[in-house]
Every structure is written in C-alpha cells, then in structure tokens.
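Novice: To start, I am sharing the structure in question, which I have written as structure tokens.
Every read-out reported here was derived from the displayed coordinates using simple, explicitly stated rules and does not represent laboratory data. Computed from a predicted model, the values in this text were never measured in an experiment. Here Cβ is always computed from backbone atoms with ideal geometry, including for glycine, and neighbour counts include all displayed protein chains.
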Amino acid sequence: MRFAFAAFALALAACSASAPLGPALQPEGASGVSDKALGHFTREAVVAAHPLAAEAGARMLREGGSALDAAVAAQMVLGLVEPQSSGIGGGAFLLHWDGARVRAYDGRETAPASVDDTLFLDARAAPLAFAAAAIGGRAVGVPGLLRMLELAHRAHGRLPWARLFEPAITLAEDGFAVGPRLALLLEGDAALRRDPLARALYYRADGSAVAVGSRLRNPEYAALLRLIARQGASALYEGPVAVAIVNAVRGHTDNPGRLAVADLAAYRALEREPLCHDWRRFRICGMPPPSSGALVVGQILGVLERLPARGPEHSQDTPSADFVHRFSQAARLAYADREHHVADPDRSTAPLGRWDSLLDADYLDARARLIGPNALREAAPGQPGRSAAEPGAVRALSAELPATTHLSIVDAAGNAVALTSSIEAQFGARLMVNRGVGLAGGFLLNNQLTDFSFAPRTADGATAANRAEPGKRPRSSMAPTFAFEHAARAPVRLVLVAGSPGGVPIPLYVAKTLWATLAWGLDVQAAVALPNFGALTGPTLLEAGRFSRTDVAELRARGHSVVETALTSGAHLLRREATGWQAGADPRREGVAAGR
C-alpha cells in the first residue's frame, strides 16, 4: 500500500483567489492505493466504501429487501465505520430507478432560520479562514440524511424500517475492527482531538489514535439507532436528541452556531425532478440543483464530444495528454458556469427559466468553440440564449472539501439506487453529539454551511447566488448518476449506476468514469482505476505520480498550469453485462462490492 498526503486545499485555493481555503487545512486525505478485482454478480449487488457496509446492504437484499432497503442499512454502517465521511449528522442526494421512472431525493442540509449572509465574515467584513468557519458550531446545517432516507423508504422500501438498522446496531454494540484509513485519518486530525466526546471515543490516554485492528465500540450510536428504528427519523429532529444537537452547536466554546430546535423540527426532505440529458446513445440522469453535479458532468461530456481528437485518447491505463487538455478545458468552462449560475433552486432563477438550458445543444456548441489547441487564458461563464462567454464575470469557488461517500446498488427486481452522502470536511465540524446519558460515543455533525459562498457579494458588487440565507440549501457537487441505453420506440434500459466522493472535483471523477466505460468500453474496475485529472476554474490537476514527464511537458507547452496532487476519489460503479452486473470499487479507498 502506498501512502501519500497532498495539500489538496492548496490546489483548490490556486483555482480562485477568493476561495477561503488555506495550506494548513487538509481535506480527507489519501490513505493508499490497492489493486482490486472486477466483480461480477448475476442478481444483485452493493458497492460501498467499507466491507462491513457492503455486507450490510447485501444482507438486506438476501432477506428480500429492495435496493433502497440496502442503501439505508449500508449507510447506517458507514456512519459508524467511516465517520470521517458521512453519517446521520449530515446530508445526501439519492437517485432511485424502479424500472420505469427515475426519482431524485434531496436530503441536503439547510441553514438555520437565524443566519444571514454575513455568517462567514469577520468583524472587518472579510471572509473567515476555512478552519475558523468550519470547526465548531458556526457551519452546522440541519442534517437531512435521515429525513430523506425515510421519505424514500416509504415509497421504495420492502423490509420494515426497524430491520434496516440491525447490522449497524450490532456492530456499534459489539465493536468493529478499526481499518487503516480510519486510523490514519484519526491520527492526523488535531481538531477532532479537541472535542471531548470524540477524544474519549477515538483516542487513547496518551492522545494517540486507536490502532489498526483494535475493536471500537460506540454504545451511544447503537442506542440512538434503536430510537430511530423505533420512532422513525423524528427521533433525531424532535425531543432529547434535537436538544442535544442544538446544545452542542450553540454551546461550542470557540465557535458557536445559530441552530435552533425549531430548525430541526421544520426540516423537510424533498423530491425533485431529475436532470436528464442525451449523450451519444445514452440518456444520463442525475441530481438537479442545489447539486451542480449533473450539470457539470453533462457539460463536460457535451463539450468534450464536440472537440476533435488528435490521435488516440488513451494508451493502456493512461489518458493521452491531448485528451486531458480537452477534458480539462471543458471542465473549466463547466465549473465557471457552476460558480456563476447554480444555487438553491428555491432561491435562485435558472438561465432561461430552466436548468437544462445549460445543456442545450446550441449552447454547448458555442462553449466548445471557445476551446482551441492551447489552454484557455480565462474560463468565463456564459449565458444560454445570449452569450457563449462573459469575460470579467466575477466568480468565487466555494470551499467544498471531500468528506463524502457513495453507494451504488441494484436489486434482483431491477431497482437501483445511487446515493452520495456527506458531512462536508473530514470528520465534519469536529463536533460530536451525545445525549449525556452515560453511554460512550455518539455521532458527528456536518459543517455543510461552508459550501455557501463566504462573501455575500462578488468583487464587482453583484449578489452571490450561493450566499448564506435563512433556510437555504448550499450548493453541492455530489453527482449520483444513472446511465440508460435507449432507442426510438424502445424502453429505456439502465446500464450504469455511478458516483463518487471527492468534494468539488466529484463531477470530474464521474465524467471520467462515464467516458471511460461508455465511450472507450473499459470495464468498470479499469475505469475507476484510471488516473484522475481535470480542472476546476484554474490549473490543470493531475493525480500525483500517474502521468509521464512527457505528458506533463506537453500540457505545459500548450499553456497549462499543472498541479500534481492527490485526487482521492472513491468512485463506485455497477454496469450491466450479459450475465448480470460488473462491479468496480475505487482502489484509492477501502470500498468493495458484495452481492450474488
């Protein structure tokens, strides 16, 4: 196993001078790369970020549960064994396919009713440093994961709600063996050590993290899951647990937040219309805003399709320098549009009154014409129906760090789930909740409000679409994705379930795997194992150690500012094959596939 930590925050900061990121802050770090074999399943499968979570989901499928049942069970285990990435203190987006219809569920966190657009400004009205904003109670939004899973379970569940919590409850009570990734991230996180509850659970008396292989029990998490299993999601949003959350947020010594019990009681998960578009002979479906994932993925695929290739696009396991050039420039334009246009759809207006205007053929034609043989000097946003690019438009890349997880699931009846969930930064706000009833442990709260633009106005005085407002949902990059094969007068056929963690670069990882599987014909394991690459609004990012010096030199000769860094995706894919499903798990994390 190869270990590598990289200052990914530096790469993001280089993309935008106004991005509130700094070199001292490490996002969820790299913990090595390990070879993984392509999986094959004839009936049903779960791909998850931890073996215990994958097995929990597979158990629900064996017991006659649906893909949605498996997703709930796997997610509850992930909150225990992968607390750095997701949990009941965070939020999620979920796509569901029932053989006839795609449904999109929004479990994104919301801002408390008492916040305003000065939330992340200091006494001089300057944006806070990221760590000053994220650690503590200030950035905690109302968690949305449980309400969303409950909403989706009512529509698509087959097993009783309570049964779905049994695997996680057992593991929390009996304990589980700490894996290398969790141990490594715990050891390197000084901020988490400062939370008394987290320190008691994850660290030894001398301050060192629990060791790899040691048995970790979380009795308080087990007790909370028993409450939720018995009472439903309301057990978190009302009563003693809600009071404990609010007390933790508002009572933080250094950085209190504004969350109130009424905010939790008022939270509602939403069903939204999925965002779908045609690409080649496929129909690609994803989440609409407040997630920007489907729009960025769609624009990358659409613009890239319009750019002529200079020679083969890949050789063995590495994309060509020319392909990286075209992909990264398409991505820069897509992220420029993301920053300029996308925000909570209930608080902002889509171009031409519809979000898919950003995927219109004539608009993508115009955007593609901006890209030539050399790197763009500026990636400016455009206006569908008006302008391919508006140079000088001011953008601010929001701080969105990659503490996220993804589940891809299909069941024997043909139902599918793509679920991406998050608590934002590594270990979220580094704030653990415990009801104070004498049990050790608890769960971590998110810092998702840092996904808002820190400055409420741009440098030219325009109002930032993604500014903080009461009850608003911050923009996200999460991109759970379905791909369908379709033809005139023929029924749509699901062929791919995809998604990845990774913060702002998530759409890069998803677009890469879609292109590699559906355009190049690679199997899903080969696709996720490809080097990561692309761009946000600035330099071209290359996964460190994965590209030749010749390719790097060619990119620089074509005007690219190249940053080589860890790009810690966690892509999980399922692709239909003649005898069932291929399964691929990202070699950069601990994910596996399980099923039959």
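Novice: Given Cβ point charges of +1 (Lys, Arg) and -1 (Asp, Glu) and nothing else, what value in debye, to the nearest 20, does the dipole of the range 170-293 about its Cα centre take? Could the numbers behind the result be given before it?
Specialist: Details: 16 positive and 13 negative charges, 53 e Å.
Dipole magnitude for the range 170-293 comes out near 260 debye.
Novice: In nm, to one decimal, how far is the residue 208 label point from the residue 390 one, both placed 7 Å along Cα→Cβ?
Specialist: Reported label-point gap for residue 208 and residue 390 is 5.7 nm.
Novice: Right, here's the next one. Can you give the helix-only mean residue ellipticity at 222 nm for the chain, where every DSSP H stretch with n ≥ 4 adds -39500 (n - 2.57) and the sum goes over all residues, rounded to the nearest 500 deg cm²/dmol? Numbers along the way, then the final one.
Specialist: Values: 19 runs with 181 residues, N = 596.
One gets -9000 deg cm²/dmol as the mean residue ellipticity at 222 nm.
Novice: Treat every Asp and Glu Cβ in the range 121-206 as -1 and every Lys and Arg Cβ as +1, leave all other atoms uncharged, and give the resulting dipole magnitude about the Cα centre to the nearest 20 debye.
Specialist: Details: 11 positive and 9 negative charges, 59 e Å.
Roughly 280 debye, rounded to the nearest 20.
Novice: Can you compute the charge dipole magnitude of the range 401-549 about its Cα centre, using +1 on each Lys and Arg Cβ and -1 on each Asp and Glu Cβ, nothing else charged? Give it in debye, rounded to the nearest 20.
Specialist: On the way: 12 positive and 8 negative charges, 43 e Å.
Here the range 401-549 has a charge dipole of around 200 debye.
Novice: Among 320, 161, 340, whose Cα sits farthest toward the positive end of the charge dipole of the chain (+1 at Cβ of Lys/Arg, -1 at Cβ of Asp/Glu, about the Cα centre)?
Specialist: Sorting the options by dipole projection puts first 161.
Novice: Now for a different question. Whose amide H sits under 5 Å from the amide H of residue 476, counting only residues 5 or more places off or on another chain, with H placed in the peptide plane?
Specialist: So residue 476 has HN proximity to 291, 292.
Novice: Going by a ≥ b ≥ c, the root eigenvalues of the Cα gyration tensor, does the range 86-215 fall in the rounded group (a/c under 1.5), the prolate group (a/b larger than b/c) or the oblate group? Write down the numbers at each step before the final one.
Specialist: On the way: a/c = 2.61, a/b = 1.11, b/c = 2.35.
It is oblate, given that a/c is not under 1.5 and a/b is not larger than b/c.
Novice: Just need the relative contact order of the range 283-422 here, percent rounded to a whole number, with Cα pairs under 8 Å and 6+ apart. Don't skip to the end; give the middle numbers.
Specialist: Numbers: 159 pairs, mean separation 29.9, N = 140.
Relative contact order here is 21 percent.
Novice: Still on this structure: Within the chain, what percent of beta bridges assigned by DSSP are antiparallel, to the nearest 5?
Specialist: Values: 70 of 76 bridges.
Just about 90 percent of them are antiparallel.
Novice: Given points 7 Å out from each Cα along the Cα-Cβ axis, report the residue 190 to residue 305 separation in nanometres with one decimal.
Specialist: Using points 7 Å along Cα→Cβ, the separation is 4.9 nm.
Novice: Right, next: In the chain, with Lys and Arg counted as +1 and Asp and Glu as -1 at Cβ, which of these residues, 246, 105, 563, has the Cα nearest the positive end of the dipole, that is, farthest along it?
Specialist: 105
Novice: Just to verify a number: FRET efficiency for residue 346 and residue 315, C-beta to C-beta distance, R0 = 60 Å, to 0.05? Write down the numbers at each step before the final one.
Specialist: On the way: r = 46 Å, r/R0 = 0.77.
Using R0 = 60 Å, I get an efficiency of 0.80.
Novice: Considering Cα pairs under 8 angstrom that are at least six residues apart, work out the relative contact order of the chain and quote it in whole percent. Don't jump to the answer; show the numbers that get you there.
Specialist: Details: 1505 pairs, mean separation 150.3, N = 596.
RCO, the chain: 25 percent.
Novice: Let me ask another. Please name which of 355, 383, 368 has its Cα lying farthest along the dipole of the range 336-392 towards the positive end, using unit charges on Cβ (Lys, Arg +1; Asp, Glu -1) and the Cα centre as origin.
Specialist: The listed residue farthest towards the positive side: 368.
Novice: Only residues of the range 509-549 count here: report those whose backbone N is under 17 Å from the spot 7 Å along Cα→Cβ of residue 579, or say none.
Specialist: It comes to 523-525, nothing else.
Novice: Can you tell me, using C-alpha contacts under 8 Å and at least 6 residues apart, the relative contact order of the range 480-573 as a whole percent?
Specialist: Working: 125 pairs, mean separation 27.1, N = 94.
The normalised contact order for the range 480-573 reaches 29 percent.
Novice: How much FRET efficiency would the formula 1/(1 + (r/R0)^6) give for residue 174 and residue 34, where r is the Cβ-Cβ distance and R0 is 30 Å, rounded to 0.05? Working shown, then result.
Specialist: Numbers: r = 27 Å, r/R0 = 0.89.
After rounding, the FRET efficiency stands at 0.65.
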